[in-house]
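The values are calculated or read from the model by the stated rules, or taken from the named source; none is laboratory data. Just so it is clear, the model here is predicted, and its values are computed rather than measured. Glycine gets a Cβ as well: all are built from the backbone with ideal geometry, and neighbour counts include every protein chain shown. With ligands, DNA and RNA removed, areas are computed over all heavy atoms of the protein, side chains included. Shrake-Rupley method; radii C 1.70, N 1.55, O 1.52, S 1.80 Å.
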Amino acid sequence: MAEMGSRENLDRPRVALVYDDRMCEHSDPYNPDHPESPLRIKSIWEKLEASEIPQRCVVLNAKEADDKYIQLVHTEKHIKLIRRISSRDFDSKRNKTASKFNSIYFNEGSSKSAYLSAGAVIEVSERVAKGEFSSAVAIVRPPGHHAEPDKAMGFCLFNNVAIAAKFLLNERPELGVSKILIVDWDVHHGNGTQKMFWKDPRVLYFSVHRFDFGTFYPAGDDGSHSMIGEGLGVGYNINVPWEHGQCGDADYIAVWNYILMPVAKAYNPDMILVSGGFDAAIGDPLGGCCVTPYGYSVMMKKLMEFAGGRIVMALEGGYNLNSLANSVLACVEALLEDKPAVGSSDAFPFESTRRVIQAVRQELSPFWPTLADPLPQKLLVSSNQKSPLQPIFIPISDSEPEDHVELYELSESSGSACQGNLVEALDDVILPLSKLKVDEGDFEKESSSNHFLPHEDTPLLSSDQILDGSVPWRSVYSQVYVWYGSYGSNMWKERFLCYIEGGQVMGMQKPCSGSADKSLPKEIMWKKVPHCLFFAQSHTHTWGAGGVAFLHPESQVGDEAYMCMYKITLEQLNDVLLQENCSFHYTESPLFDLSALDFVAKNKSMQLDALKGGWYSNVIYMGTEQDLPILTMTCPLSDIENFKSAKIPMCAPSKDYKNTLVKGLVEGKQLSEVDAADYVDGASAKQL
């Protein structure tokens, strides 16, 4: 990078601003109150003008991007659609076309706005790289970070930042930008940007976002901390996934201090592109977080320590007009090296923030040794501060529904609007360990009568240890054994071990995170159960298109299904339960505890309210083996009626999924390959 672009060679910061009214032509023709409206960029510009910011910057109009540059990250088919969507040819089918995408609208101004938005970010990125400007802010719309190579989604048509990054790397090598740090602080994960640089070490993609255990938009596993890149790009994709809303300045600054800053120092980028979404700002109707303008100014100021301050920020989300405008103003003032916005960093981050930071550092430390150091004690929250909500688990992993909810509906319903009922449900289900009034003798006696057998290799816990809270639930539940019965893909041992050890096997599209306790099952055995096996739903993240196996919750004479049983701990069962129903599974409290074990043994089944909506949220008791309870998980009884009425489709499994079941039956020495295939085909054709 030429020295002329470095901070020390400039008399004062020369910050470029891009704003163009023509990007206001893109609007929802049917919903004037849509959150992604032209008022977003207008409100920002009005705030900057009121603060006399444009007079201190270089103001540029946008130029439309060339197709050849957009094609660096998008398919020709996608580009052709966006180019033609505003033409008269599409007048009669524009709305129908938009409905095929997730959270997208089109109108007569969409094409021009998309091309201007991408072109603006390309131009200022090139001019900052040349040293013409110290930094730049592109006030653009539609946003971009959700747009994938072949589709629009999440209000995004073209991936503006990704296009600009590829442009600098591929089209302007003479500028010396060979390493780019993309910082995405939008409250939603930038799934599109991640996919575009998944295998590319020239781009370090860093995203901090609400994840809510895989339930927050765009939902699924992509935003998990375990998604770290692939091939040459492994270690260059960093996700910091919040477990809940209400994260604020202290949480974000902690992430900067203990993840981003040390990695950025080691990476030493030539340039930084910021996907500047401001929907984590305080008061945003979709984000549910509470970052202040001061928080954003601190984050920006810290980024200016790298790449000679060469930063381009492109607008992504942000839907509270006042918060949006004030936050962008704070970032521009930081780039202008004004005094920081008024604020304070005295607050503690949430306890969950430390947990997330630790998980990310552990995952990435093999690639960034600077993250291997232990976290300092000062990250611990004060004793009177608690996480604002217990973990909320809604199906999204193997159990993701096909129907998509609009972005603004999904985000609101995933946040504070629904936390109350779910927290109450969790409180009803979970028995606090402090109430387990047992000592070594009583624990042993009660275990025998209720099948709660302690781990053979672990000393029994005393009542004092349990009562004073010095031993977390995992230590207690690692001493309790159960049989987990599988009738689906987990019949294949190698597949089931993904839930224990982590990873993936042939046919799986995404890896599992594994259990906190990666000890192998103590024993494996098979049995037949008098329940109907069938296949339903039509798509999963793990296996793609096709149905997955279910067991009818009620037994019936004449039905017969094969079941592979694994002897595992109750701690591991909790982790398996959560991986079957959710994207992320490490929790502060057990989802299925000792009282639940008693309940299901007496009542034969138990619907877990905290997993309500999950495909496998119904735990079934199937008797005992070696005085240990046999448990499996399947759909709620209410879903059976939906399957019968075709409200939820019954669907044959994909080839990969079927092959996995066959492998399990064959390697378990239950059936020949031909008979196993016939068994699966017979269940696939079964009508309820």
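Only helices (runs of 4 or more DSSP H) whose full extent lies in the stretch 637-688 are considered here, and the ones with at least 3 residues that are buried (at least 19 other Cβ atoms within 10 Å of the Cβ) and either small (Gly, Ala, Ser) or at pLDDT 95 or above (or both) are 655-667, 673-684. Annotation for the stretch 527-543: at least one member residue is charged (D, E, K, R) and surrounded by fewer than 21 Cβ atoms within 10 Å (Cβ to Cβ). Screening Ser345, Ser382 for residues that are among the hydroxyl-bearing types (Ser, Thr, Tyr), modelled with pLDDT under 95 and open to solvent by less than 50 Å² (accessible area, probe 1.4 Å) leaves exactly one candidate, Ser382. Here Glu501 passes the criteria (1) open to solvent by less than 30 Å² (accessible area, probe 1.4 Å); (2) within 23 Å of the chain's Cα centre (by Cα); (3) acidic (Asp, Glu) except the one numbered (1). Quick one: is Ile228 aliphatic (A, V, I, L, M), modelled with pLDDT of 95 or more, within 23 Å of Gly514 (Cα to Cα) and not in a strand (DSSP E or B)? In short, yes. Scanning the stretch 512-526 for residues that are open to solvent by less than 30 Å² (accessible area, probe 1.4 Å) and not in a loop (DSSP other than H, G, I, E, B) yields one hit, Cys512. Among the residues making up the stretch 260-276, those that are outside any helix (DSSP H, G or I) and open to solvent by 10 Å² or more (accessible area, probe 1.4 Å) are Asn268, Asp270. Restricting attention to the stretch 201-222, the residues that are open to solvent by 20 Å² or more (accessible area, probe 1.4 Å) and touching a Phe, Trp or Tyr at 6+ places or on another chain (Cβ under 7 Å) total 1.
Yes/no per residue for (1) without any contact (Cβ under 8 Å) to a residue 40 or more places away in the chain; (2) more than 17 Å from the chain's Cα centre (by Cα); (3) open to solvent by less than 20 Å² (accessible area, probe 1.4 Å):
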residue	(1), (2), (3)
Ser224	no, no, yes
Gly231	yes, yes, no
His244	no, no, yes
Asp251	no, yes, yes
Ala254	no, yes, yes
Tyr258	no, yes, no
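For the stretch 138-153, the tally of residues that are crowded, with 24+ Cβ neighbours inside 10 Å and among the charged types (D, E, K, R) stands at 1.
Would you check if there is a residue in the stretch 599-610 being open to solvent by less than 10 Å² (accessible area, probe 1.4 Å), out of contact with any Gly (no Cβ under 9 Å at 6 or more places or on another chain) and not in a strand (DSSP E or B)? Yes, the stretch 599-610 has at least one match. Selection of the stretch 60-86 for residues being open to solvent by 70 Å² or more (accessible area, probe 1.4 Å) and in contact with a strand residue (DSSP E or B) (Cβ under 8 Å, 6 or more places away or on another chain) yields only Asn61.
Within the stretch 237-271, the set of residues being farther than 28 Å from Gly288 by Cα and either among the charged types (D, E, K, R) or in contact with a Pro (Cβ under 7 Å, 6 or more places away or on another chain) (or both) comprises Lys265, Asp270. Taking the stretch 45-131 as the region of interest, the helices (runs of 4 or more DSSP H) fully inside it that hold 3 or more residues being charged (D, E, K, R), more than 14 Å from His26 (Cβ to Cβ) and at pLDDT 95 or above are 76-84, 110-130. Restricting attention to the stretch 238-290, the residues being under 12 Å from Val187 (Cα atoms) and among the aromatic types (Phe, Trp, Tyr) number 3. Applying the selection to the stretch 488-498, what residues are open to solvent by less than 30 Å² (accessible area, probe 1.4 Å) and in contact (Cβ under 8 Å) with a residue 40 or more places away in the chain? Answer for the stretch 488-498, where residues must be open to solvent by less than 30 Å² (accessible area, probe 1.4 Å) and in contact (Cβ under 8 Å) with a residue 40 or more places away in the chain: Gly488, Ser489, Asn490, Met491, Trp492, Arg495, Phe496. Scanning the stretch 107-119 for residues that are among the hydrophobic types (A, V, I, L, M, F, W, C), buried (at least 22 other Cβ atoms within 10 Å of the Cβ) and touching a strand residue (DSSP E or B) at 6+ places or on another chain (Cβ under 6 Å) turns up nothing. Is the stretch 30-37 home to any residue that is among the small types (Gly, Ala, Ser), open to solvent by less than 30 Å² (accessible area, probe 1.4 Å) and part of a helix (DSSP H, G or I)? No, the stretch 30-37 has no match at all.
Yes/no per residue for (1) out of contact with any Pro (no Cβ under 9 Å at 6 or more places or on another chain); (2) small (Gly, Ala, Ser); (3) not in a helix (DSSP H, G or I):
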position: Phe278; (1), (2), (3): yes, no, yes
position: Gly283; (1), (2), (3): yes, yes, yes
position: Tyr294; (1), (2), (3): no, no, no
position: Val298; (1), (2), (3): no, no, no
position: Val312; (1), (2), (3): yes, no, yes
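Could you tell me whether Phe206 is of a type in the set (Phe, Trp, Tyr), in a loop (DSSP other than H, G, I, E, B) and either more than 20 Å from the chain's Cα centre (by Cα) or under 27 Å from Phe133 (Cβ atoms) (or both)? Spelling it out, it is not the case that Phe206 is of a type in the set (Phe, Trp, Tyr), in a loop (DSSP other than H, G, I, E, B) and either more than 20 Å from the chain's Cα centre (by Cα) or under 27 Å from Phe133 (Cβ atoms) (or both). Applying the set (1) of a type outside the set (A, V, I, L, M); (2) buried (at least 24 other Cβ atoms within 10 Å of the Cβ); (3) in contact with a strand residue (DSSP E or B) (Cβ under 7 Å, 6 or more places away or on another chain) to Gly309 leaves exactly one unmet item: (2).
Only residues that are open to solvent by less than 10 Å² (accessible area, probe 1.4 Å), outside any helix (DSSP H, G or I) and closer than 26 Å to Lys647 by Cα were counted in the stretch 549-580, giving 4.
Restricting to the stretch 139-176, and then to whatever is in a helix (DSSP H, G or I) and either under 24 Å from the mean Cα position of the chain (by Cα) or without any contact (Cβ under 8 Å) to a residue 60 or more places away in the chain (or both), can you tell me which residue is nearest to Pro38 (Cα to Cα)? The qualifying residue nearest to Pro38 (Cα to Cα) is Asn160.
Contact annotation: residue pairs with Cβ atoms under 6 Å, 6 or more positions apart or on different chains, pairing a residue in the stretch 499-511 that is at positive phi and in a loop (DSSP other than H, G, I, E, B) with a partner that is open to solvent by less than 90 Å² (accessible area, probe 1.4 Å) and of a type outside the set (Gly, Ala, Ser), are Gly502/Cys512; Gly507/Asp656; Gly507/Thr660.
Between Asp284, Asp279, the distinction of being in contact with a Phe, Trp or Tyr (Cβ under 7 Å, 6 or more places away or on another chain), within 18 Å of Glu36 (Cα to Cα), among the acidic types (Asp, Glu) and open to solvent by less than 10 Å² (accessible area, probe 1.4 Å) belongs to Asp279 only.
For every residue, the table says whether it meets (1) on the phi < 0 side of the Ramachandran plot; (2) charged (D, E, K, R).
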| site | (1), (2) |
| --- | --- |
| Lys604 | no, yes |
| Gly614 | yes, no |
| Pro629 | yes, no |
| Glu641 | yes, yes |
| Lys644 | yes, yes |
| Lys658 | yes, yes |
| Glu673 | yes, yes |
| Lys686 | yes, yes |
